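Just below is one structure, and these are the notes that go with it.
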Amino acid sequence: MSNNKEGFIAVHVGAGQHSASLKEKYQKLCRDACKVGTQSLKSNGNVLDAVVEAVMILEDSPMTNAGFGSNLTLNGTVECDASVMDGSSLQYGAVGAVSGIKNPVLLAKRLCEQQSIKFAYGRIPPAGVWGCGTWACKDTSYSVGTSTSGCGEHLVRTSLARTIAEAISDTSCPTTSLHRAMSTDFIGVPQI
């Protein structure tokens, strides 16, 4: 059996408005990032490393709103966010509003790799993350809100708060839907 796997790396220069006059430069930057990621993947086979190396190309460019090119805050400082997730283990790492870090994706990767170790200083607890730990939605007749606690990694892997709120809001029997969502979308998930 062959261990060769096919895949691809895709990147973008950020959501929002971009200068049409820089389109070719943006495309070249994306190609360069994809090439670096692909070369990394071919040389060591580690998908997380490949993704991080591709993102670092974007973070090192003044043309993107990431890393070196990040927009300034209201007080004139640079704050960056970054996140990564390993598709095999479902471990993730994320940082928000960090300053003085050239490549925040490296810090996110470090948190991802050390997820089973005690919480790092300054780590945002997953229970407070929108969609994973807290969620609300409103129908025309009523609204549903959920807040969770527990193992944050499990909350993130299952988007538990959102899953429960959506299940409850889309039924005539919230109790049955809550039980079903907890059983099949949380307790029964093999990755947790």
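Remarks
- Some residue of segment 48-60 being assigned to a helix (DSSP H, G or I) and modelled with pLDDT under 90: no
- Annotation note: of GLY14, GLY96, the sole residue that is part of a loop (DSSP other than H, G, I, E, B) and closer than 30 Å to THR158 by Cβ is GLY14.
- Matching option when the condition is loosely packed, with under 12 Cβ neighbours inside 10 Å and either within 18 Å of the chain's Cα centre (by Cα) or not assigned by the TED database to the domain that holds HIS154 (or both), among LEU74, LEU48, LEU111, LEU107: LEU74
- If the condition is being modelled with pLDDT under 85, of a type outside the set (A, V, I, L, M, F, W, C) and within 26 Å of LEU111 (Cβ to Cβ), then segment 137-192 contributes THR146, SER147, THR148, SER149, GLY150, GLY152, GLU153, HIS154, ARG157, PRO190, GLN191.
- Search result, residues across segment 136-192 that are crowded, with 16+ Cβ neighbours inside 10 Å, hydroxyl-bearing (Ser, Thr, Tyr) and within 25 Å of ALA94 (Cβ to Cβ): THR146, THR148, THR158, SER159, THR163
- Residue in segment 27-38 that is modelled with pLDDT under 95 and not in a helix (DSSP H, G or I) present: no
The values are calculated or read from the model by the stated rules, or taken from the named source; none is laboratory data. None of these values were measured; they are calculated from a predicted model. Counting neighbours? That spans all protein chains shown, and the Cβs are built from the backbone with ideal geometry, glycine included.
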